[in-house]
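To start, the structure under review is shown below, and the notes come after it.
The values are calculated or read from the model by the stated rules, or taken from the named source; none is laboratory data. Because the structure is predicted, anything quoted here is derived from the model rather than measured. We place every Cβ from the backbone using ideal geometry, glycine too, and count neighbours over all the protein chains shown. Please note that ligands, DNA and RNA were not included when accessible areas were found on the heavy atoms of the full protein model with its side chains. Shrake-Rupley method; radii C 1.70, N 1.55, O 1.52, S 1.80 Å.
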Amino acid sequence: GRYMVYETGAQGIVVASLLERLGDAGELVHVYQTGQPQTACLNSMGLHKSPLLKTLNISHLRSLEHGKNIIFNHPKSESKDAENGAEETSDQQCDKTSEKDTDAEPEKKRIKLENGTKDPESENPKESEENDQKKPVRMNLRERSVEAFNSIKAESLDGLVIVCKQHPGNIITYLAKYIKPSRPFVIYSPYKEPLMDTYMQLKEARMAVMVMLTETWLRSHQVLPRRTHPTVLMSGGGGYLLTGIFVQN
């Protein structure tokens with residue numbers, strides 16, 4: 001499936017776990033709020049280069065929704081292609097005038113070398129990868145945001161996962177438009193009150209059904225002969241989950 005996850009403050013552990021569950025098929029759009037996504041867990045698990053992962057800055061998302069071009073100042077590859085195409089057309093015209101010449105092909109290569117055009121056969125794919133890696137970080141992030149936005153705009157997603165410490169009410173109402181109807185969502189928060197507000201907000205807007213608020217609590221036990229009992233000293237709670245299914249109002 002194709003899913004969206006909004007994660008802040010979890011070092012990418014939720015994104016990494018979802019990528020592991022997806023396996024080799026599907027798509028995961030990671031929406032983040034900070035300057036760049038948190039990838040500590042992704043790097044540790046070797047999933048930071050997964051082809052299923054797309055990243056989208058929420059500020060870039062707002063700009064793209066208003067029709068702004070966030071990559072207007074990037075080097076345009078199209079202009080380079082146009083220049084190369086113009087050189088190729090001029091080379092083709094030279095070839096047409098010398099079709100009867102048996103040395104047309106080496107002459108074409110010689111003309112390209114004189115014009116400063118690289119021979120595609122001599123290009124090294126490793127050099128192009130190194131050039132992509134040398135691209136500035138913010139430029140890469142903006143281009144990835146545009147790619148992810150085009151993907152979710154073309155087709156809605158199959159589910160939404162939100163993991164954050166801030167109030168999730170406005171976040172879920174904002175991102176819900178990119179999720180198909182009758183698709184599930186889940187919100188995690190270490191506090192109960194924001195989820196209670198979100199529960200009422202979803203009910204009043206008639207955006208979801210089967211909305212449930214549950215507490216995630218795991219209590220470990222000591223297992224010893226004649227001394228098996230729950231652990232005495234432990235955390236009071238592990239957070240709360242708000243789950244439901246989106247519907248059309």
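Is it true that some residue in segment 79-91 is modelled with pLDDT of 85 or more, part of a helix (DSSP H, G or I) and open to solvent by less than 60 Å² (accessible area, probe 1.4 Å)?
Quick first cut of segment 79-91, residues modelled with pLDDT of 85 or more only: none.
No, there is no match, as no residue in segment 79-91 is modelled with pLDDT of 85 or more, part of a helix (DSSP H, G or I) and open to solvent by less than 60 Å² (accessible area, probe 1.4 Å).
The residues on offer are Lys135, Lys177, and the sole one that is within 28 Å of Asn69 (Cα to Cα) and modelled with pLDDT of 85 or more is Lys177.
Considering every residue within segment 1-18, establish whether at least one is over 22 Å from Pro168 (Cα atoms) and either basic (Lys, Arg) or surrounded by fewer than 17 Cβ atoms within 10 Å (Cβ to Cβ) (or both). Among the residues of segment 1-18, at least one is over 22 Å from Pro168 (Cα atoms) and either basic (Lys, Arg) or surrounded by fewer than 17 Cβ atoms within 10 Å (Cβ to Cβ) (or both), which makes the answer yes. The lone criterion from (1) within 15 Å of the chain's Cα centre (by Cα); (2) in a strand (DSSP E or B) left unmet by Asn150 is number (2). Could you go through segment 169-192 and let me know if any residue there is open to solvent by less than 60 Å² (accessible area, probe 1.4 Å), of a type in the set (D, E, K, R), in contact with a Ser or Thr (Cβ under 6 Å, 6 or more places away or on another chain) and touching a residue at least 60 places away in the same chain (Cβ under 8 Å). Checked against the condition, which is being open to solvent by less than 60 Å² (accessible area, probe 1.4 Å), of a type in the set (D, E, K, R), in contact with a Ser or Thr (Cβ under 6 Å, 6 or more places away or on another chain) and touching a residue at least 60 places away in the same chain (Cβ under 8 Å), segment 169-192 yields at least one hit. Six or more apart or on different chains, Cβ atoms under 6 Å: show the pairs whose first residue is in segment 50-66 and farther than 13 Å from Arg144 by Cβ and whose second is among the polar types (S, T, N, Q). Hits for this filter: Ile58/Gln33. Only one entry in Leu202, Leu213, Leu195 is in contact with a Phe, Trp or Tyr (Cβ under 7 Å, 6 or more places away or on another chain), part of a helix (DSSP H, G or I) and free of Cβ contacts under 8 Å to residues at least 60 places away in the same chain, namely Leu195.
Would you check if Leu242 is under 20 Å from Lys165 (Cβ atoms) and open to solvent by less than 100 Å² (accessible area, probe 1.4 Å)? Before the answer, list the steps.
Working: under 20 Å from Lys165 (Cβ atoms): yes; open to solvent by less than 100 Å² (accessible area, probe 1.4 Å): yes.
Here the answer is yes, as Leu242 does meet what is asked.
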